[in-house]
Structures are given as C-alpha cells and as structure tokens.
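This report concerns only the one structure given below.
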Amino acid sequence: MNHINGGMDIKLKANEANLFKSNVNMQVFIQASGPASVTVLPQRKEQPMDSLGSGKSGLSGYYYQGVWRPLGGTKVHQFNNSSAISQCLKGKVVHMYGDSTVRQWFEYLDASLPGS
C-alpha cells in the first residue's frame, strides 16, 4: 500500500506549513465566523421525509447498535476483523481518491491489515 500526494504545488507562507504537520497541537484559538449555535427548523409540509434521502446511492443510512444500516435496500457487508477484510480485498487493487476521510480509511487499513 502506498499513500501519495501527487501534483500539488502549494506555496505556503512562513508559518502555514506548521498547520499541516502530523501529531502537532498548535493550541491556537480559532475565532468563530458566525453565531456558535444551531437552529433546527420544523420540516416543511411540501418536503416529505422520503425526499430527503432516496438511499439509491447506498450512502444514506444510519448506525444502530454499532452497525451501519443503509436506506433503500442496499446490501452492506460487515467486516469484523482483519482476516475478513484481507479475504475480501485479496487479489484486488484498491484506488482511493478523496479528502481526509479517505485518508483516515487508508491509515486504518494500513495499520489493521497484515503485511501492509
């Protein structure tokens, strides 16, 4: 497994590089840009609950008792240990593209799977 950062030519200012270091807590207060509260509005009558998430992509769902429950009938496999994950990925090439969430998945798999 490899993790690469390709094609990014970022010009950082003097102290900005420190913001991207791993395992560093800069302990810098970040001023909120707006009110520090969340307002939950009642559901509008013209927007039925099922229209909020169709579940067709398999991305919408919820956790219940530690298990992801997808909406829309999508079948999801649970892998409870590293050997089950390894067996599923055996002989496959996995390309992961995305943001910090994908990076967290990469780091989890890298740390969890034998021989990675």
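With each label modelled as a point 7 angstrom along the Cα→C-beta vector, the residue 97-residue 27 pair spans 4.2 nm. Protection proxy ranking of 10-19, 103-112, by the mean of other Cβ atoms within 10 Å over each peptide's residues and highest first, is 103-112, 10-19. Here's the list of lysines a cross-link from residue 90 could span, going by alpha-carbon distance under 22 Å and ignoring same-chain residues fewer than 8 apart: 75. Once backbone amide H atoms are built at 1.01 Å from N, residue 61 has 71 as its partners under 5 Å, excluding neighbours fewer than 5 places away on the same chain. Within segment 64-95, the chymotrypsin sites (Phe, Trp or Tyr not before Pro) that combine a DSSP coil assignment with at most 15 other C-beta atoms in a 10 angstrom radius are 79.
Where a number appears in this text, it was derived from the coordinates with a stated rule and is not lab data. From a predicted model like this one, the values you see are computed outputs, not experimental measurements. No Cβ is skipped: glycine too gets one built from the backbone with ideal geometry, and neighbour counts run over all protein chains shown.
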